[in-house]
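Chemist: Take a look at the following structure, please.
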Amino acid sequence: MKIKKQMSVKEYMKINKINPETALITINGKLVASDKLIKKGDKIEIINFVSRG
Amino acid sequence: MKCVFCNKEAVFEASTPTKKISLCEKHLVEDVSKKVKLAVKKYGLISKNTTILIALSGGKDSISLMHVLSKNFENKIIAVSVNEGIKGYRDESIFFAKKYAKEFGVKHYVIEFKKEYGFSMDDVVRIMNKFPLKPCSYCGVLRRQLINKFAKKMNKKYDDVRLATAHTLDDEVQSIFMNIFQNDFEKLMRCSAITGYYKFNNGIKPKDFPKGFIPRIKPYRLVSEKESMAYFLVNNFKTIEGSCPNISDAYRNRLRNALNKYVWKSRRYDFKLNILNWFDAILSKKLRNHKIKSSELKECKICGEPTSGEICKTCILIEKIKEVVKNEIKKE
């Protein structure tokens, strides 16, 4: 997912209604804390870790 | 945000009983290792001579646990994976299980449904309308029996074998709530760090176990699923993406979603750890004076596992499955 506007990971999760208890965010393949700023063009991945079998 | 220990850039916020702390990659790895060591010490999971047999599915939790144990403990470690015969899923996860076992220097074994039972889970799923329950119920029972059988075999070869499963804090809290909501007191009392009715918190000695019983230990009990995933990511481990194709809308999944939503909305990030600590305190009191009377337990005539009857419930179920599957395979 490519981002168009600069925002923090926390804001990004809030906007996209992502539960921090069930998902982690990586930016350009690296795990980041919630205050990390996402810049235009960064590649964001939502790692949802609760689904399993 | 900076790491509270070294001022490097933080990648994770860990929940503690009192607050959230920011951690860099190095201190996240140390924090998870510390929690595993704490669980081992607190619950007396491993002694000096224990051989740790890891139930290795090839998923994030079992790979991370194998890594933590192999890095932090001197004990002999072996791992076992079960190939249930789920095409497009299990073969891939076993590929990763093999890869990482080799990388961490852990001897790895694979046991297969098809070889042991004569049928795979794909065979069972094909005729699922002949069974009253969902695939996971059968798969779980069949898998547990094979692992137990294998663990007993290893116990003849190595000292004091204990089966380590990668149950996380989240798994334990879900089990506690499931058993409370289903009013299943017996099962609730089994949600301990070592399965069975054993003296708690005082260190477990092999002589305390009934004959033929391989204790199951949960060294990952204080590590949350989120921490386990973060540990997996910062170590750049890889595994299969997605879930088992047979996964059903089980009660556990609905409960997991509800608990995670509660933590998120209420911001009670210490909720899961508090529940576990509360439960441990109750369990500790309940079990302090509990002693096993050996006369209560017999050995199952088929599998040799401890049971109150002649044949254990698992074996009765397995015989039924075998009968139905074999008849159907013959018809085809």
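Rule-based calculations on the coordinates, nothing more; no lab input. The structure presented is a predicted model; accordingly, all values stated were derived computationally and were not measured. Every residue, glycine among them, receives a Cβ derived from its backbone with ideal geometry; neighbour counts consider all protein chains shown.
Chemist: Report the relative contact order of region A:7-48, percent, no decimals, based on alpha-carbon pairs under 8 angstrom and at least 6 residues apart. Walk me through the numbers on the way to the answer.
Modeler: Working: 50 pairs, mean separation 20.1, N = 42.
Over region A:7-48, the number comes to 48 percent.
Chemist: Right, next: Classify region A:7-48 as rounded, prolate or oblate from the Cα gyration tensor: take a ≥ b ≥ c as the square roots of its eigenvalues, call it rounded if a/c is under 1.5, otherwise prolate when a/b beats b/c and oblate if not.
Modeler: Values: a/c = 1.70, a/b = 1.25, b/c = 1.36.
Taking the square roots of the gyration eigenvalues as a ≥ b ≥ c, region A:7-48 is oblate.
Chemist: Over all directions, the average projected area of the alpha-carbon convex hull for region B:43-295 comes to how many nm²?
Modeler: Projected over every direction and averaged, the Cα hull of region B:43-295 covers 14.9 nm².
Chemist: A further question on this structure: Please build a GNM for chain B, connecting alpha carbons under 10 Å apart, and tell me which residue among B:99, B:265, B:34 fluctuates the most.
Modeler: Among B:99, B:265, B:34, the largest mean-square fluctuation in the Gaussian network model of chain B belongs to B:265.
Chemist: Build a GNM of chain B with springs between Cα atoms under 10 Å: which of B:145, B:174, B:182 gets the top mean-square fluctuation?
Modeler: B:182
Chemist: Oh, and also: In whole Hz, what ³J(HN,Hα) sequence does region A:38-44 give by Karplus (6.51, -1.76, 1.60; θ = phi - 60°), x for Gly and Pro?
Modeler: Residue by residue, region A:38-44 yields 9, 9, 4, x, 5, 9, 9 Hz.
Chemist: Tell me what the protein assembly as shown gives for mean residue ellipticity at 222 nm when only DSSP H runs of n ≥ 4 count, each as -39,500 (n - 2.57), the sum divided by the residue total, rounded to 500 deg cm²/dmol. Working shown, then result.
Modeler: Values: 13 runs with 168 residues, N = 385.
When only DSSP H runs of four or more count, the value is -14000 deg cm²/dmol.
Chemist: In addition: Taking amide H positions as placed 1.01 Å from N in the peptide plane, with prolines and chain starts having none, which residues 5 or more places from residue B:2, or on another chain, fall under 5 Å of its amide H?
Modeler: B:10
Chemist: Which whole-Hz couplings ³J(HN,Hα) result when phi for each residue of region B:53-58 is put into the Karplus expression 6.51 cos²θ - 1.76 cosθ + 1.60, θ = phi - 60°, listed in order with x for Gly and Pro?
Modeler: So the J values, rounded to whole Hz, are 9, 8, 7, 9, 7, x.
Chemist: Of B:146, B:169, B:53, which is the most mobile in a GNM of chain B whose springs link Cα atoms less than 10 angstrom apart?
Modeler: Comparing B:146, B:169, B:53 in the GNM, the peak value goes to B:146.
Chemist: Full-extension gain between residue B:129 and residue B:102, please, as 0.36 nm times their residue separation minus the C-alpha to C-alpha distance.
Modeler: Values: separation 27, 0.36 × 27 = 9.72 nm, distance 4.02 nm.
Roughly 5.7 nm would be gained on extension.
Chemist: At a Förster distance of 22 Å, what's the computed FRET efficiency of residue B:238 paired with residue B:1, Cβ-Cβ distance as r, to 0.05? Intermediate results must be reported in sequence, preceding the final value.
Modeler: Numbers: r = 27 Å, r/R0 = 1.22.
So, using R0 = 22 Å, E works out to roughly 0.25.
Chemist: Another question about this same structure. Each residue of region B:102-116 in order: what ³J(HN,Hα) in whole Hz does its phi give by Karplus 6.51 cos²θ - 1.76 cosθ + 1.60, θ = phi - 60°, with x for Gly and Pro?
Modeler: Result, rounded to whole Hz: 5, 4, 8, x, 9, 5, 10, 10, 10, 10, 10, 4, 4, 6, 7.
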